[in-house]
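Let me begin by presenting the structure, written as structure tokens, before commenting on it.
Coordinate-derived values only; no laboratory data. Note that the structure is a prediction, hence the values are computed from the model and not measured. Note that we place each Cβ from the backbone using ideal geometry, even for glycine, and neighbour counts take in every protein chain shown.
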Amino acid sequence: MEKTKRKLATILATDCVNFSKHMEVNEEKTLKNLNECRIIIDKKIQEFDGRIFNTAGDSVIAEFDSPVQCVKAAIDFQNALYERNEHSITDLKLEWRVGIHVDDIIVEDNNIMGSGVNVAARLESQCQAGNILVSRIVKEQVSKRVDFSIDADGTRELKNISSNFEVFVV
């Protein structure tokens with residue numbers, strides 16, 4: 001029997017808010033803007049030592065060894081995307097939301113799987129546009145190591161996850 005490879009990782013899930021609606025209005029303009037945003041996001045993930053392991057349309061899943069580096073990457077790309085929208089001549093302003101969770105995950109070839117990946121994705125889906133939503137474990141790991149606020153945002157029931165999660169907005 002083959003041994004399952006596992007590791008502790010910080011998982012970042014992000015996607016573009018209302019992407020399908022934007023695509024319905026103007027596919028070419030939306031894809032052009034999506035690609036510009038992805039250049040920003042991908043660069044920041046790499047800059048903070050993250051690894052993108054899954055993309056589908058407008059979504060990105062990445063892993064980091066450090067929750068501090070992960071949160072800093074998310075803050076940096078959200079700020080860069082905000083600046084892009086503020087100074088862009090286009091009328092299409094794409095906004096992104098981010099979910100971050102730390103968990104023990106399964107590594108298989110060049111992919112990672114497990115409930116931790118699902119939790120990060122569920123946090124992202126409940127996040128407001130332009131924000132970052134993190135689980136308690138992420139908050140505990142980063143709160144004394146960063147100089148930005150992390151505010152309680154209640155307890156959430158996450159789709160297909162058996163326990164509720166206390167969540168925080170960065």
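A few notes on this one:
- Note on the range 5-169: Kirkwood hydrodynamic radius from all Cα pairs is 16.0 Å, rounded to one decimal.
- When the range 32-159 is described by a simple charge dipole with +1 on each Lys and Arg Cβ and -1 on each Asp and Glu Cβ, the residue from Phe53, Ser135, Cys70 located farthest towards its positive end is Ser135.
- Mean separation of Cα contacts under 8 Å (6+ apart) over length of the range 46-125, as relative contact order %: 22
- The dipole here belongs to the chain: it is taken about the Cα centre, uses +1 on the Cβ of Lys and Arg and -1 on the Cβ of Asp and Glu, and is about 280 debye.
- Residue-span extension gain [Tyr82 to Asn111] - 0.36 nm each, minus C-alpha spacing: 7.4 nm
- Sites Arg145 and Ser125, calculated FRET efficiency, Cβ-Cβ separation with R0 22 Å, nearest 0.05: 0.25
- Between Arg136 and Glu28, the FRET efficiency from the beta-carbon distance, with R0 = 45 Å, is close to 0.60.
- Under 17 Å from the Thr90 label point (7 Å along Cα→beta-carbon), backbone N, the range 102-130: 130
- Extension gain, Asp49 back to Thr155 (0.36 nm per residue minus Cα-Cα distance, nm): 35.2 nm
- Here's the list of lysines a cross-link from Lys44 could span, going by alpha-carbon distance under 20 Å and ignoring same-chain residues fewer than 8 apart: Lys32, Lys72, Lys93.
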